[in-house]
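See below for the structure under consideration.
Each reported figure results from applying straightforward, stated rules to the coordinates on display, with no laboratory input. The structure presented is a predicted model; accordingly, all values stated were derived computationally and were not measured. Glycine also receives a Cβ, built like all others from the backbone with ideal geometry; neighbour counts cover every protein chain displayed.
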């Protein structure tokens, strides 16, 4: 258990789980779709998604806790934006899961 590689892998698994759990909801995916165009105020998101502010706040908090979005306060409004580093992490994780050609060939020879 003292192997640093195991600790790093466990940390990666926790981050990956948090990201995928946050993505596993239609409202949160719709929020991310809206944020693709850039930073938006929560008031605009409620109008665009035709959802109540408390409902969106819950989902935005989930996205923020997962690291998928960032927020900043300006006066009484909160503005949200996609966190590019989180998307890069997702890309890296998915690339690591992609089977290599060698592993695909090995599976075909197994009968």
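The figures follow:
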item	result
Additional length obtainable on full extension of the chain from residue 30 to residue 61, 0.36 nm per residue less Cα span	9.7 nm
Two-site label geometry, residue 15 and residue 40: point separation in nm, points 7 Å out along Cα→Cβ	2.7
Extension reserve of the residue 98-residue 23 stretch, reckoned as 0.36 nm per residue once the Cα distance is removed	25.1 nm
Residue order, fewest to most beta carbons within 10 Å, for 13, 82	13, 82
